[in-house]
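Below: the structure, in structure tokens.
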Amino acid sequence: MSPECRGRQSRLLVPIVVSLLGLVGAVGCGGDQVARPLTGIVRDDPLRSDGITVTDVTDTGAYPADDDSFELVARPGSLLVVYFGYTQCPDICPTTLTEIRTALRRLGDDATRVDLAMITVDPERDTGEILNAYVGSFTEQFHALRPESDDELRTAEAAFLASSSVTRLPDGTVEVGHSVNSYVVDENGTVLVEWPFGHGVDNTAHDLEVMLDTSAS
Amino acid sequence: MTARTGWIRGAVLSVMIALPLVACDDDSSSGTTMEMSSPIEIAGAWARSSPMMATMGAAYMTIMSTDDDRLVAAAVDSSIADHAEVHEVVMAGGSDADMSMDMGSATTMAMSAGEMVMREVEGIDIMGGEMFMLKPGGYHVMIIDLVAPLEIGQTFDVTLTFEKAGAVIVPVEVREDAP
Ligand SMILES: [Cu+2]
């Protein structure tokens with residue numbers, strides 16, 4: 001523990017934290033170690049997404065793509081929330097993305113240090129135009145990521161232990177299965193926390209606040 | 001769950017009810033309720049507002065029936081969407097390697113890393129006297145091929161068909177999030 005570490009107490013509820021999981025170890029703070037509770041899943045051996053790139057089709061919002069590929073790391077001093085989904089998903093995806101949007105609103109100005117990257121698992125139907133409009137309706141600070149090949153998608157998924165499948169059924173409908181966690185990545189490409197489906201606005205906002213506080217020092 | 005306050009009596013199809021009958025203080029005060037009461041009651045019906053370009057929507061609600069019954073179909077007007085279906089979100093493939101993740105301090109959560117998929121269901125059994133919830137991550141009425149995005153504040157009808165009780169019209173409120 002480091003006494004000189006900036007230690008603003010979270011204004012959010014301790015009981016929620018206690019009832020849930022894990023302590024986060026060793027994040028920033030001038031190289032010192034500080035233990036702060038996060039409500040999501042924290043691995044002893046964190047996942048990493050640095051070096052993993054996905055085709056970036058973002059063409060609106062705050063980050064027009066000047067490059068056509070995006071490395072899954074946050075801007076310096078910021079966080080990147082990564083989500084795998086598809087726009088024709090009526091239930092899981094909008095539920096999760098709405099929670100994230102609501103949590104970001106609670107952060108106020110700090111939300112400018114959080115970007116959202118959605119990687120479509122259904123690139124055939126999710127054109128760039130569709131994906132941009134969809135992700136952009138949850139935050140202005142987004143990356144619309146559309147893998148150009150199966151290999152590209154699988155490589156990105158593997159970094160997060162995520163998975164998906166798109167099946168065309170005989171009746172013409174398309175069945176999409178996908179893992180449903182969201183991931184928060186820092187500027188080094190370390191996955192700081194994973195949120196399962198239904199993690200909740202309170203927990204999501206709390207975790208973002210804790211991680212932003214930590215990475216600010 | 002508390003009293004019946006706020007519960008909306010399901011109205012039988014023959015009557016085109018004029019909304020807005022959200023949260024009446026008393027069943028009897030609702031001019032939109034038929035005197036011949038349906039055994040089905042629906043509460044808290046809502047649908048999430050559509051993100052831009054979304055073509056699919058989902059409606060959620062709590063269903064209660066005085067008798068055992070079975071929800072067998074859902075429909076929406078063609079001015080809202082092409083059609084509606086009753087869907088369930090399930091884990092694909094069952095338990096496999098995805099479920100035994102090597103997680104540090106975390107305990108296992110029910111829906112942590114498995115792949116989830118949604119499927120149409122043939123019906124939902126409603127036990128008499130018990131509440132059945134359609135909610136995110138579980139069951140929903142899927143609204144397929146929306147004519148226009150669902151906008152916050154909008155209300156539209158979903159017609160549910162029960163094996164015994166027949167058709168019940170449910171006014172669904174479009175919201176950003178669950179009520
Ligand atoms: Cu569905």
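The values are calculated or read from the model by the stated rules, or taken from the named source; none is laboratory data. Since we're looking at a predicted model, the values are computed, not measured. Ideal geometry is used to build each Cβ from the backbone, glycine not excepted, and the neighbour counts take in all protein chains shown. Calculation scope for accessible area: heavy atoms of the full protein, side chains included, ligands and nucleic acids excluded. Shrake-Rupley method; radii C 1.70, N 1.55, O 1.52, S 1.80 Å.
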Of the conditions (1) more than 11 Å from the ligand (Cβ to nearest atom); (2) touching a Pro at 6+ places or on another chain (Cβ under 6 Å), B:Gly57 clears all except one; give me its number.
-> (1)
How many residues are in a loop (DSSP other than H, G, I, E, B), away from chain A (no Cβ under 14 Å), touching a strand residue (DSSP E or B) at 6+ places or on another chain (Cβ under 9 Å) and among the polar types (S, T, N, Q) when one looks only at segment B:46-87?
-> 2
Just name the residue that is modelled with the highest pLDDT out of those in segment A:42-71 that are over 16 Å from A:Pro123 (Cβ atoms) and among the polar types (S, T, N, Q).
-> A:Ser49
Test: A:Asp91 is within 16 Å of the ligand (Cβ to nearest atom), within 11 Å of chain B (Cβ to nearest Cβ), charged (D, E, K, R) and crowded, with 23+ Cβ neighbours inside 10 Å = yes
Residues within segment B:75-87 that are within 11 Å of the ligand (Cβ to nearest atom) and either surrounded by fewer than 16 Cβ atoms within 10 Å (Cβ to Cβ) or touching a residue at least 60 places away in the same chain (Cβ under 8 Å) (or both), tallied | 1
Filter segment A:150-166 down to residues that are at the interface with chain B (Cβ under 10 Å from one of its Cβ atoms) and in contact (Cβ under 8 Å) with a residue 60 or more places away in the chain and give me whichever is nearest to the chain's Cα centre (by Cα).
-> A:Phe160
Of all the residues that make up segment A:96-137, how many are closer than 24 Å to B:Ile152 by Cα, at pLDDT 95 or above and among the polar types (S, T, N, Q)?
-> 3
Taking segment A:174-190 only, how many residues are more than 9 Å from chain B (Cβ to nearest Cβ) and open to solvent by 10 Å² or more (accessible area, probe 1.4 Å)?
-> 5
